[in-house]
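Below: the structure, in structure tokens.
Since every read-out is calculated from the coordinates, none of them should be taken as a lab result. Values in this document were obtained by computation on a predicted structure and should not be read as measured data. Cβ placement follows ideal geometry from the backbone for every residue including glycine, while neighbour counts extend to all protein chains displayed.
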């Protein structure tokens with residue numbers, strides 16, 4: 001058996017199989033569409049929506065985490081007065097100034113410069129706060 005006849009035999013068998021199965025593209029028959037009604041995906045989506053937490057619950061949890069981070073940052077200066085005196089944009093390495101203040105969730109955040117303040121004022125302050133690594137409060 002030569003290589004040429006072997007190859008043609010396989011090519012012929014592959015082409016014949018494709019013709020029998022309807023080609024490479026498999027189309028859904030009307031009978032198959034009737035067996036899988038469209039209500040099934042809708043019901044699955046509704047069940048998933050019921051199992052997922054509501055956006056309000058997620059927002060509340062995020063707000064609680066933001067407040068906890070702000071409280072920890074507030075305590076860095078030894079006074080818990082809802083004023084963060086260290087510049088959050090500079091990862092609390094610089095002292096903030098009252099003239100560069102931005103309020104977030106009842107806390108006054110002092111920044112060292114107008115540029116640092118803009119980062120929080122013009123961006124999503126809550127997401128920026130959630131990303132902060134607040135140093136531990138020094139013990140006396």
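Can you give the % of DSSP beta bridges in the range 73-140 that are antiparallel, to the nearest 5? Mind dumping the intermediate values first?
Numbers: 6 of 8 bridges.
Counting only bridges with both partners in the range 73-140, antiparallel ones make up about 75 percent.
Assuming a ≥ b ≥ c are the square roots of the Cα gyration tensor eigenvalues, decide whether the range 60-130 counts as rounded (a/c under 1.5), prolate (otherwise, with a/b larger than b/c) or oblate. Don't skip to the end; give the middle numbers.
Details: a/c = 1.80, a/b = 1.16, b/c = 1.55.
Cα axes put the range 60-130 in the oblate bin.
By how many nm would the segment from residue 118 to residue 60 grow when fully extended, if each residue of separation counts as 0.36 nm and the alpha-carbon distance is taken off?
Details: separation 58, 0.36 × 58 = 20.88 nm, distance 2.52 nm.
Here the segment from residue 118 to residue 60 would lengthen by 18.4 nm.
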Query raised in the report: If the label point is 7 Å along Cα→Cβ of residue 76, which residues in the range 91-117 have backbone nitrogen under 12 Å from it?
Result: 91-97, 109-112
